[in-house]
Amino acid sequence: MKNRETKKEILTLLKKIKRSIETFESSETNQRLFGINQINEMIDTLENKELNDCLDEILIELSNAREKHPDFPQEAAYIKRTSIMMEEAGEAIQAANDIEFHNKACHRQWRKELIQTAAMCIRCLIEEDTR
């Protein structure tokens, strides 16, 4: 998968940058100035398999949604776009309700709806009106 390869490349690059900073400036104060803590946080995030797997699922869902529904509302359609996202959130709530109150074992459905909601949140953000 292309996203996974890109993440590996970014992780490799961040580790090289970190080593360069640590070699170039050994004092803690100078490392802070160079952003060593932020680099460590980025490395930790990229190395978190559970998070990366979840993000991969969301990106796949986003790609599928864009392919299935290429005509996402545009031009000041904030309410329409947010309504689409909220529809997915409502389906996640329904799945959670089924688990909590109706003893239906539908954890998989709940997870699927949360992934769809996250994908729609991202779609709203990246396809937002730029005015």
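The values are calculated or read from the model by the stated rules, or taken from the named source; none is laboratory data. A quick note: this is a predicted structure, and the numbers were derived from the prediction, not measured. Here Cβ is always computed from backbone atoms with ideal geometry, including for glycine, and neighbour counts include all displayed protein chains.
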Task: Subset of the range 68-84 [assigned to a helix (DSSP H, G or I) and of a type in the set (D, E, K, R)] - done: 68, 80, 81
Task: Filter pass, residue 98 being over 30 Å from residue 12 (Cβ atoms) and outside any helix (DSSP H, G or I) - done: no
Open item on the list: Step by step: first the residues of the range 72-85, then only those that are of a type in the set (A, V, I, L, M, F, W, C) and surrounded by 13 or more Cβ atoms within 10 Å (Cβ to Cβ), then the one that is nearest to residue 11 (Cα to Cα). Which residue is that?
Closed with: 85
Open item on the list: For residue 18, only one of the following conditions fails: (1) at pLDDT below 75; (2) of a type in the set (Lys, Arg); (3) within 18 Å of the chain's Cα centre (by Cα). What is its number?
Closed with: (3)
Open item on the list: Just to be sure before I move on: is residue 116 within 22 Å of residue 50 (Cα to Cα), modelled with pLDDT of 95 or more and either of a type outside the set (A, V, I, L, M, F, W, C) or part of a loop (DSSP other than H, G, I, E, B) (or both) in the structure I sent?
Closed with: yes
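Rundown of residues vs (1) outside the structural domain of residue 19 (by TED's automatic domain parsing); (2) within 30 Å of residue 19 (Cβ to Cβ); (3) surrounded by 13 or more Cβ atoms within 10 Å (Cβ to Cβ); (4) in contact with a helix residue (DSSP H, G or I) (Cβ under 9 Å, 6 or more places away or on another chain), yes/no style:
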position: 37; (1), (2), (3), (4): no, yes, no, yes
position: 60; (1), (2), (3), (4): yes, no, yes, yes
position: 64; (1), (2), (3), (4): yes, no, no, yes
position: 70; (1), (2), (3), (4): yes, no, no, no
position: 92; (1), (2), (3), (4): yes, no, yes, yes
position: 95; (1), (2), (3), (4): yes, no, yes, yes
Open item on the list: Condition first: over 30 Å from residue 6 (Cα atoms) and either crowded, with 17+ Cβ neighbours inside 10 Å or of a type outside the set (Asp, Glu) (or both). Can you find one or more residues in the range 116-127 that meet it?
Closed with: no
